[in-house]
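S.K.: Could you have a look at this structure, given as structure tokens, before my questions?
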Amino acid sequence: MPPMTILEARALAHSFDYPLFRDLDLTLSAGESMAIIGVSGSGKSTLLHILSTLLEPEAGSVTLFGKELYALKGEELVALRRDDLGMIFQSHYLFKGFSGYENLEVAAILAGEPIDPVLLKRLKIDGVIGQKVTELSGGQQQRVSIARVLTKKPRLIFADEPTGNLDHDTALEVMAIFDEYIKSHDASLVLVTHDEELAMRCDRVYRLHEELFEPVK
């Protein structure tokens, strides 16, 4: 039995001051990871926002879990984001008045899932997770945001430069954690990154260049 199609986009097009991409097609199956690379301004983050419910495209369609994304009503979108999607962006969006652990507790309670102490140790935040978010470094905040997303057990993770504040070895460990997660939970990952070494760890890699979406791997 073939794996379930998690995400499908057809004939996507979008522009701001200039065209970013056109006639863009992609599909992503359960248990699969995809990386999108390209120079700054090529439209990588914009594409991620379109795929992850945050920005309606100028043209084309996005289907998530078999549902036409931008035909969903407000409450359906909220439920989709809460129950099925995990979003890791360059801004951490952590609750600043809380400790790192309290941020994880919010995600755990909403999802009805436990906090995994092994995950905290692998992300090297087990010793600082009790500190206020404002006392953590940028890299530590980034790792808390990654742990928060994985704690809620999403079916699809969208990650925009999730290792941008991390050293090389930690970035590789984060990618290993992502890979293990999607394989063990039959989930999927869409990664936007400037780091081509990290990108090549994904099952498929695409480059956005001069409005075109071209396979690299």
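S.K.: Relative contact order, percent, of region 144-217 when contacts are C-alpha pairs under 8 Å separated by at least 6 residues?
M.R.: Details: 61 pairs, mean separation 21.0, N = 74.
28 percent.
S.K.: For region 143-217 and region 42-84, what is the separation of their C-alpha centers, rounded to whole Å?
M.R.: Here the answer is 18 Å between Cα centres.
S.K.: What is the spin-label model distance, in nm, from HIS194 to SER137 if the labels are put 7 Å beyond Cα along the C-beta direction?
M.R.: Here the answer is 1.9 nm between the modelled labels.
S.K.: Can you compute the FRET efficiency between ASP169 and GLU214 using 1/(1 + (r/R0)^6), with r the Cβ-Cβ distance and R0 = 35 Å? Round to the nearest 0.05.
M.R.: Numbers: r = 30 Å, r/R0 = 0.87.
Here the calculated transfer efficiency is 0.70.
S.K.: What ranking, highest mean first, results for peptides 10-19, 25-34 when packing means the other Cβ atoms within 10 Å averaged over each residue?
M.R.: Values: 10-19: 13.6, 25-34: 18.5.
Ranked from most to least packed, the peptides come out as 25-34, 10-19.
S.K.: A further question on this structure: Counting each DSSP H run of 4 or more residues in the chain as -39500 (n - 2.57), what helix-only mean residue ellipticity at 222 nm follows after dividing by all residues, to the nearest 500 deg cm²/dmol? It would help to have the intermediate numbers written out before the result.
M.R.: Numbers: 7 runs with 72 residues, N = 217.
Taken over the chain, the calculation gives -10000 deg cm²/dmol.
S.K.: Still on this structure, I have one more. How many lysine pairs are close in the chain, with Cα atoms under 25 Å apart and the two 8 or more places apart or on different chains?
M.R.: Count of close lysine pairs: 27.
S.K.: From a point 7 Å beyond the Cα of ASP84 in the direction of its Cβ, which residues of region 136-176 have a backbone N at a distance under 13 Å?
M.R.: 154-157, by backbone N distance to the label point.
Read-outs: derived from the displayed coordinates by stated rules, not from any lab. It should be emphasised that the depicted structure is a prediction, and the values quoted were computed from it without experimental measurement. In this analysis, Cβ positions are derived from the backbone assuming ideal geometry, glycine residues included, and neighbour counts consider all displayed protein chains.
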